[in-house]
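Remarks on the structure that follows.
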C-alpha cells in the first residue's frame, strides 16, 4: 500500500489509493464489529468512484471472505 502512495502536492503529504483504504476498512470492521456500519458506509462512498480498481478491491475483500458484501455495497448508490 505504501509503495503505491502518491504525494498530494497541495498538502505535502502522501496518500494511499481508495482501494487500499477500502481494504483497511474491511479489516477494521472485521476486527471490531462496532465499526461495521460506518466503515461500510465509507466503503460504499469510495466504490462510487469511476476510477476504482475493482480487481484490487476484490483481492482485499477475498482476504476476509467479504467480496459478496462489497458487491452488494457497490450496487447501492450513496
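Every read-out reported here was derived from the displayed coordinates using simple, explicitly stated rules and does not represent laboratory data. All values derive from a computational prediction rather than experimental measurement. So basically every Cβ, Gly included, is an ideal-geometry build from the backbone, and we count neighbours across all protein chains shown.
Values computed for the structure shown
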| item | result |
| --- | --- |
| Cβ-Cβ under 7 Å pairs, at least 6 apart or on other chains, the range 1-25 side touching a residue at least 24 places away in the same chain (Cβ under 8 Å) and on the phi > 0 side of the Ramachandran plot, far side surrounded by 10 or more Cβ atoms within 10 Å (Cβ to Cβ) and outside any loop (DSSP other than H, G, I, E, B) | none |
| Members of the range 37-65 found to be more than 13 Å from residue 19 (Cβ to Cβ), in contact with a helix residue (DSSP H, G or I) (Cβ under 6 Å, 6 or more places away or on another chain) and assigned to a loop (DSSP other than H, G, I, E, B), listed by number | 64 |
| Any hit, the range 3-10, residues being surrounded by 13 or more Cβ atoms within 10 Å (Cβ to Cβ) and out of contact with any helix residue (DSSP H, G or I) (no Cβ under 6 Å at 6 or more places or on another chain) | yes |
| Test set (1) loosely packed, with under 11 Cβ neighbours inside 10 Å; (2) touching a strand residue (DSSP E or B) at 6+ places or on another chain (Cβ under 9 Å) - residue 76 fails condition number | (2) |
| Number of the exception - residue 55 against (1) surrounded by 13 or more Cβ atoms within 10 Å (Cβ to Cβ); (2) within 13 Å of residue 70 (Cβ to Cβ) | (1) |
| Selection within the range 22-36 - in contact with a helix residue (DSSP H, G or I) (Cβ under 6 Å, 6 or more places away or on another chain) and more than 17 Å from residue 1 (Cβ to Cβ) | 29, 35, 36 |
